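The values are calculated or read from the model by the stated rules, or taken from the named source; none is laboratory data. From a predicted model like this one, the values you see are computed outputs, not experimental measurements. Neighbour counts are summed over all protein chains in view; Cβ atoms, including those assigned to glycine, are modelled from backbone coordinates with ideal geometry. Ligands, DNA and RNA are excluded from the accessible area calculation, which covers all protein heavy atoms including side chains. Shrake-Rupley method; radii C 1.70, N 1.55, O 1.52, S 1.80 Å.
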Amino acid sequence: MYLNPQDMIRKAILTITLILFLSKQNDAQIDQKFFNFHDTSFEVGSVLRTRAVLFDYDQATFRDTSYAFLDSLKMFLIKYPGLSMKIGVHRDTRGSDMYSISLTQKRAEAIVKYLINEGLNSKRIVARGYEESQPIHPEEYIKQQSLEVQEELHAKNRRVEITIMRTDFE
């Protein structure tokens, strides 16, 4: 396949941009602190990232498999009453922004509502829906992969992140 010089330059610029973006993402992920349900000490800003909370297509209703994780989160928050959390729901890079941010917000609110209905203090949990502004894998990178890999990468972008907002909630 022959590429003219302009196409070669465009491809090189795209490749360099992608490399810089990915290295920036990797640096951010290295700097980012993560936590899990087994930890006993916590820092504000630490994140628990999961794909265990699944929603019905185009809905803010949970699939049955999500309840095990949500119940574990509830028990975790009961065990550590000083923690307050932000529940962030992320989407992949497909679809319109306005619709998607509305859907991700409704999904985050559904998680918060479930936890409140299970007896947790509503002041400890904040819902936040995100559009595709914080992908783990950028669209430019995804497009360069096989269709099978593209679906896997889109799935990784669809996630729930639980961020510790406070460790001294009273």
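A few notes on this one:
- Qualifying residue in segment 79-99 (condition: hydrophobic (A, V, I, L, M, F, W, C), loosely packed, with under 15 Cβ neighbours inside 10 Å and under 18 Å from ARG166 (Cβ atoms)): no
- Cβ-Cβ distances below 9 Å connect the following pairs, each with a first residue in segment 66-91 that is of a type in the set (Asp, Glu), a second residue that is open to solvent by 30 Å² or more (accessible area, probe 1.4 Å), and a separation of six or more residues or different chains: ASP71/GLU118.
- Criterion violated by ARG166 - all others in (1) under 26 Å from PHE42 (Cα atoms); (2) open to solvent by less than 80 Å² (accessible area, probe 1.4 Å) satisfied: (2)
- Boolean, ARG128 is open to solvent by 70 Å² or more (accessible area, probe 1.4 Å) and basic (Lys, Arg): yes
- The lone exception for THR65 - which of (1) under 19 Å from THR167 (Cα atoms); (2) surrounded by fewer than 12 Cβ atoms within 10 Å (Cβ to Cβ); (3) of a type outside the set (Lys, Arg) it fails: (1)
- So LYS123, is it open to solvent by 60 Å² or more (accessible area, probe 1.4 Å) and touching a residue at least 60 places away in the same chain (Cβ under 8 Å): no
- Per the listing THR40, THR50, the residue uniquely at pLDDT 75 or above, open to solvent by 80 Å² or more (accessible area, probe 1.4 Å) and either farther than 22 Å from LEU115 by Cα or among the polar types (S, T, N, Q) (or both) is THR40.
- Matching entry among LYS86, LYS113, LYS123 (being touching a strand residue (DSSP E or B) at 6+ places or on another chain (Cβ under 6 Å), among the basic types (Lys, Arg), more than 14 Å from PHE55 (Cα to Cα) and not in a loop (DSSP other than H, G, I, E, B)): LYS86
- Residue selected from segment 131-152 under the condition surrounded by 16 or more Cβ atoms within 10 Å (Cβ to Cβ) and free of Cβ contacts under 8 Å to residues at least 24 places away in the same chain, by the criterion nearest to the chain's Cα centre (by Cα): HIS137
- Residue check, GLN6 open to solvent by less than 80 Å² (accessible area, probe 1.4 Å), at pLDDT below 85 and part of a helix (DSSP H, G or I): no
- Subset of segment 126-164 [in a strand (DSSP E or B), at pLDDT below 95 and in contact with an Asp or Glu (Cβ under 6 Å, 6 or more places away or on another chain)]: none
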